[in-house]
Amino acid sequence: MARRPAARPVPGLAARLGDAVWGLLTSVDFAVLQIIVLALFAVVGMTLHQLPGFAFRSPTDYANEMAKLHATYDPVLGTGVVDALERLQLFQVFSSTWFSVGLVVLIISIVACTIDRTPRLWRQSADIRVVQPGPFYDPTLPDRAVMTGLDAPAVRAALRKRRFVVREQVVDGVTYVYGDRNRWVKLATLLTHAGLITFLVAAAVTSRLGDEQGLVVADGASLTVQPIGTPGLLLVRNLGFNAPGFDTGHPTDFTTRLAVYQDGKEIAEKTIRVNDPLTVDGYTFHQNGFGPAPDVLIRDGAGKPLWSGPIPMTDQTAGYPFAQFAVPGRDVGLQLLLQRQTDGTGVMLVLPFRAEGTNADGTPNVVGLQPVALAQGESAVPGGTDFSIELRGFSDYTLLIAKKDPGADLAWLAFGLLIVGLLITFWMPRRRVWGRLDPDGRLAMTFRADRYVDVGREYGALLNDLVARRPAPPPASGDPAEPAAGPPDASPPDVVPPDA
């Protein structure tokens, strides 16, 4: 009685689930879908105003920046929609949890695709078959040719002239010749995959470990770069801003003499320009902008200073520099507006206000106090307050961008891997030639190449070289030494050219 073949074991649930996940991760379509989704969310991140890096330094900074976003989008989208966008982290797309998870999944997918393809790419490059069966050389198939009157040295010489690596094998008196050019070029795909992975890793590293801060520093003032309490805290000091020609309306340069301190010691100092930043301790400080910063002194009724120093006017209203300032130790805020008088001198309008309770809709009830206008050197006590304001002069603030990008070197490495991989793939495609040379000198050939190769041109040139290497037949007795010339473009009668 014949034995039945053993039944194949049914894979368990874990094995089936693992195969399904592996099939999904190694799917090129799934990787493309992920890239499209991430690209769409990146467009959202570039369309909506994003929270600046310093907004996450403290709850107060976050609340202030979100208030600005509400003021921008509430009239268009409504408060409920803006709150929903905030909860979905669409005001911080590139550092959001879901975007980071998407990058990680995409990295895993590309790694899985690379692992899945590597054995196949290796076999395609490493496995060489010199001897092919007769039907492989059928001259009726594309890219085949047949000619006579050649020997093995001539075929080898023609292939090596075109930088083919030649292998040869003799079976039953038949010589099989194989030529391979750029044999290992398929493995360059792994460089391209490595470049993509490195790019995504660089993006994830920068998103999670990078930092970018806008620093507004008035002349002579200092400001911390990281949150207070950060180990190795950096502090920058504006030693002087200069904009030659600004008074004439034609500035020729913008420079800031910048000093950087760490643990109370100066570690760097440089005069920076727009295209000449200062790099120190992983941060790069770029000159980004500037603006006016009136030098203001505020005293209480007893003459004790409540504030002394420049106030950067980083906003604008009606085209004039504007700032809002909370008076230390008082429940009064100041709206400051800088204007130029007809004689060219500057004047600062001061509009004091106080928040007294809330309105029915929950917004603060703002009560305006008596405004004052101050020229340089003047002081006044706004009505309804117990302090004086003096405008001591005009100075400038500088706007710096402090950027820490730990993924920058990885991004350059990824760029190099991508460029090298693409150049090798497109500029060095693989070409292969098989030849079967019978003892009577009949040569059958097959040409194969990647799709980036002009097969007709290259194969035609190789055949022309082979034809030129055939020995000329001896003239028959009584015939002239030189045969009659045929048409210049005529093919030899015993050559079957490759299909067009």
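The values are calculated or read from the model by the stated rules, or taken from the named source; none is laboratory data. The shown structure was predicted, so the numbers you read here are calculated from the model rather than taken from an experiment. FYI the Cβ positions are ideal-geometry reconstructions off the backbone, even for glycines, and counts take in every protein chain you see. For the accessible areas, the whole protein counts, side chains as well, though only heavy atoms, and no ligand, DNA or RNA atoms are used. Shrake-Rupley method; radii C 1.70, N 1.55, O 1.52, S 1.80 Å.
Some points to look at:
- Over 24 Å [Cα-Cα, the stretch 5-161], rounded percent: 65 percent
- Gyration tensor (alpha-carbon) shape descriptor, the stretch 155-209, a/c threshold 1.5: prolate
- Simple spin-label estimate for Asp138 and Arg183 in nanometres, 7 Å along Cα-Cβ: 2.9 nm
- Zone residues, the stretch 99-124, relative to Leu88, backbone N less than 18 Å from point 7 Å out along Cα-to-Cβ: 99-103
- Whole-Hz Karplus values for the stretch 223-239 come out as 7, 6, 8, 9, x, 4, x, 5, x, x, 3, 9, 10, 10, 10, 7, 7 Hz, taken residue by residue from phi with 6.51 cos²θ - 1.76 cosθ + 1.60 and θ = phi - 60°; glycine and proline positions read x.
- Here the convex hull built on the C-alpha positions of the stretch 406-450 has a volume of 63 cubic angstrom per residue.
- Computed from Cα atoms, the angle from the helix 455-468 axis to the main principal axis of the chain rounds to 40 degrees.
- The value obtained for the stretch 309-463, namely the Cα convex hull volume divided by the number of residues, is 310 Å³ per residue.
- Considering only alpha-carbon pairs that sit under 8 angstrom and 6 or more positions apart, the relative contact order computed for the stretch 1-151 is 27 percent.
- Furthest towards positive pole of dipole, Val146, Gln213, Leu334, structure part the chain, Cβ charges: Val146
- Candidate values (i) 78, 31, 20; (ii) 44, 38, 23; (iii) 50, 30, 20 were compared with semi-axes √(5λ) of the Cα gyration tensor in Å computed on the shown model; the agreeing label is (i).
- Between Glu269 and Ser308, the FRET efficiency estimated from the beta carbon spacing at R0 = 25 angstrom works out to 0.50.
- Its Cα centre serving as origin, the chain has a Cβ charge dipole (Lys and Arg +1, Asp and Glu -1) of approximately 2520 debye.
- Dipole of the chain, positive end: most advanced residue of Ala126, Leu48, Met348 [Cβ charges, Cα centre]: Ala126
- Residues in the stretch 40-59 that a label on Asp281 would reach, taking backbone N under 20 Å of a point 7 Å out along Cα→Cβ: 53-58
- Using only alpha carbons, the stretch 383-434 has a radius of gyration to Kirkwood radius ratio (Rg to Rh) of 1.67.
- Cα centroid separation, the stretch 338-383 to the stretch 135-159 (Å): 94 Å
- Relative contact order (percent, whole number), the stretch 158-280, Cα cutoff 8 Å, 6+ residue spacing: 12 percent
- Computed on protein heavy atoms with a 1.4 Å probe, the accessible areas place Thr189, Thr72, Thr358 in the order Thr358, Thr72, Thr189, largest first.
- Carbon/sulfur fraction of accessible area - the chain, other protein chains in place, 1.4 Å, %: 59 percent
- Using a Förster distance of 51 Å, the FRET efficiency for Thr358-Ala259 (Cβ separation, nearest 0.05): 0.70
- Sequence-separation-based contact order of the chain, relative, with Cα cut under 8 Å and 6+ spacing, percent: 19 percent
- Semi-axis lengths (Å, descending) of the ellipsoid that matches the C-alpha gyration tensor of the stretch 211-260: 28, 10, 8
- Computed extension length for Ala318-Val381: 20.1 nm, one decimal, from 0.36 nm per residue of separation with the Cα-Cα distance subtracted.
- Rounded tilt (10° steps) of 188-209 against the dominant C-alpha axis of the chain: 10 degrees
- Debye log10 I(q)/I(0) for the stretch 202-290, one point scatterer per Cα, at q = 0.12, 0.18, 0.23 Å⁻¹: -0.41, -0.83, -1.20
- For the chain, the longest principal axis of the alpha carbon atoms and the long axis of helix 28-47 meet at an angle near 30°.
- Once the C-beta distance of Ala63 and Trp22 is scaled by a Förster radius of 56 Å, the resulting FRET efficiency is 0.75 to the nearest 0.05.
- Size of the stretch 65-109 as Cα extents on the principal axes (Å, biggest first): 42, 17, 13
- Cross-link pairs exceeding 27 Å in C-alpha to C-alpha distance, out of Lys270/Lys404; Lys270/Lys403; Lys68/Lys404; Lys304/Lys403; Lys265/Lys404, comprise Lys304/Lys403.
- Stretch gain in nm, segment Arg469-His49, where the contour uses 0.36 nm per residue and the Cα spacing is subtracted: 144.1 nm
- Rounded, prolate or oblate (a/c below 1.5 giving rounded, otherwise prolate when a/b exceeds b/c) for the stretch 302-365 by Cα gyration tensor: oblate
- Three-way shape label, the stretch 256-352, alpha-carbon gyration tensor, a/c 1.5: oblate
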